[in-house]
1. What share of all Cα pairs of segment 281-401, in percent, falls into each consecutive 10 Å distance bin?
2. Be a star and scan segment 124-152 for residues whose amide nitrogen sits under 14 Å from the point 7 Å along the Cα-to-Cβ vector of GLN303.
3. By how many nm would the segment from GLU316 to GLU338 grow when fully extended, if each residue of separation counts as 0.36 nm and the alpha-carbon distance is taken off?
4. Please work out the Kirkwood hydrodynamic radius for segment 124-227, using every pair of different C-alpha atoms, and report it in angstroms with one decimal place.
5. When 1/r is averaged over all different Cα pairs and the result inverted, which Kirkwood radius in Å belongs to the chain?
6. In segment 350-400, which trypsin sites (Lys or Arg not before Pro) are in a loop and have at most 13 other Cβ atoms within 10 Å, using DSSP for the loop call?
7. Among the listed pairs LYS131/LYS366; LYS85/LYS112; LYS38/LYS344; LYS317/LYS393; LYS182/LYS339; LYS29/LYS109, which have their C-alpha atoms separated by more than 23 angstrom in this model?
8. Out of the total accessible area of the chain (probe 1.4 Å, heavy atoms of protein only), what percent is carbon and sulfur?
Amino acid sequence: MPTAIVTGATGILGREIINHLSRDPTYTKIHALSRSPKPSSLSHVHHASIDLLSTPTTLSTQLTSQNVCADYLFFTAYLQEGDEKDLERINGDMLENFLTAMSLSGAEKTLKRVVLVTGAKHYGVHLGPVKNPMEERDPWVEGEGRPPNFYYRQQRILRERGEGRGWDWVVTYPNDVVGVAKGNFMNLVTAIGLYASITKELNAPFIFPGSRIFYPKIDCFTYSRLHARFCAWAAITPACSNQAFNVVNGDAQSWQTMWPRLAERFGVTIPADQFEAEDEKVVPLIERPPLEDYAATSGLKGQVEKGEVRMRIDLEKWMKREDVRGAWERVAEREGLEKDAFEKATWFFLNFVLGRNYDLAISMNKAWKLGFRDWADTWDALEECLDELEEEKVLPRTGRK
Ligand SMILES: NC(=O)c1ccc[n+]([C@@H]2O[C@H](COP(=O)([O-])OP(=O)(O)OC[C@H]3O[C@@H](n4cnc5c(N)ncnc54)[C@H](OP(=O)(O)O)[C@@H]3O)[C@@H](O)[C@H]2O)c1
């Protein structure tokens, strides 16, 4: 009868892993860990408040006093603070502190596998055009002219720490997560839902705020529930030992397809010439995009263009507009919504996700070949999450349900 520890219990990916495992009758105990509380009515889900930036000794004492040990560790904790160097230090330290604490407390003795959640930034999707499709065997994007990547430090920690200690590891690479969480850093669906709801309240045109170039291009998304199912499968599948996997829905989607569907759902209209006006902001990405590493061998030397983030509407500016804030106040008051949802929404992240100028195709072949026969429809996932956010009083009712 397996047991699990899930760090990042309140996060967009962690909470779904807990939901999934808690419904699996084979799991007898799940330790949900985060700084803020994660209430659960289920007797076999135990929350413990811990700060992964505490010293390993402090963490170890907390693990011992709360009897935290398990067969599987799902590590989804993530803290967004400072620049890439800070992220590398902070997020690497959180993983290292926790593994050291498990060793000090003796919890490591029962541990069979660590499932670490990272993401498609592994391929440098935040740095510019990438080689498509992205495959797990692709070389890491590092070296001169490249910023530090905390995922690499985390993966190196796993490789070093896992050596000869009786446990192995799996790493997942989700991308542009479609899921539900409150007050987290990267939350695509809440921000889109709020943008659409406020546009409706203002009786304004439903303009795609991102890039005209990206609008018809391909993105591969990860439904948080599919990711949870993958993690549960990978934890117990022997062939996954010491392997990293892309985890995306398996379909290819574009905003060209989903934006009109969103317009229909929210009862708003896309102007036929929505991209005619000047973009409000354009941010160039780094000099050497990831695709440059393949240029010489694939015959693309001199052909790789730099990436950019193009904002038809800069959402960080938009959310500060008086009419926008007033519209939110009205909707929130009228519908009894969680007022701080607007302030906590991740406008910077949405600018980025919608603003790139390159395709993001991510292969699921490796997982599928090993027997993971699962997938999700991205549009359905988006609608399910929007429905859930309506239920949770983050978004106003669209009357769809
Ligand atoms: N969201 C996306 O769209 C997306 C896409 C691709 C990859 N990823 C990757 O997936 C991983 C998980 O990200 P996520 O988006 O699921 O994160 P998230 O929603 O922001 O959740 C982060 C979790 O970590 C916990 N946490 C933060 N600092 C902590 C600390 N000092 N001690 C203990 N717990 C702490 C938070 O809870 P408390 O604040 O209560 O402690 C929360 O439960 C990250 O590597 C991220 O880069 C995310």
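The values are calculated or read from the model by the stated rules, or taken from the named source; none is laboratory data. Not measured: the values here are computed from a predicted model. Note: ideal-geometry Cβ built from the backbone for every residue, glycine included; neighbour counts use all protein chains shown. Protein only, heavy atoms only, side chains kept; ligands, DNA and RNA dropped before computing areas. Shrake-Rupley method; radii C 1.70, N 1.55, O 1.52, S 1.80 Å.
1. 10, 24, 28, 23, 12, 3
2. 131-132
3. Details: separation 22, 0.36 × 22 = 7.92 nm, distance 2.00 nm.
Taking GLU316 through GLU338 to full extension adds about 5.9 nm, to one decimal.
4. The answer is 17.5 Å.
5. Kirkwood hydrodynamic radius for the chain: 22.1 Å.
6. Answer in residue order: ARG373, ARG397, ARG400.
7. From the list (LYS131/LYS366; LYS85/LYS112; LYS38/LYS344; LYS317/LYS393; LYS182/LYS339; LYS29/LYS109), the Cα-Cα distance tops 23 Å for LYS85/LYS112; LYS317/LYS393.
8. 50 percent
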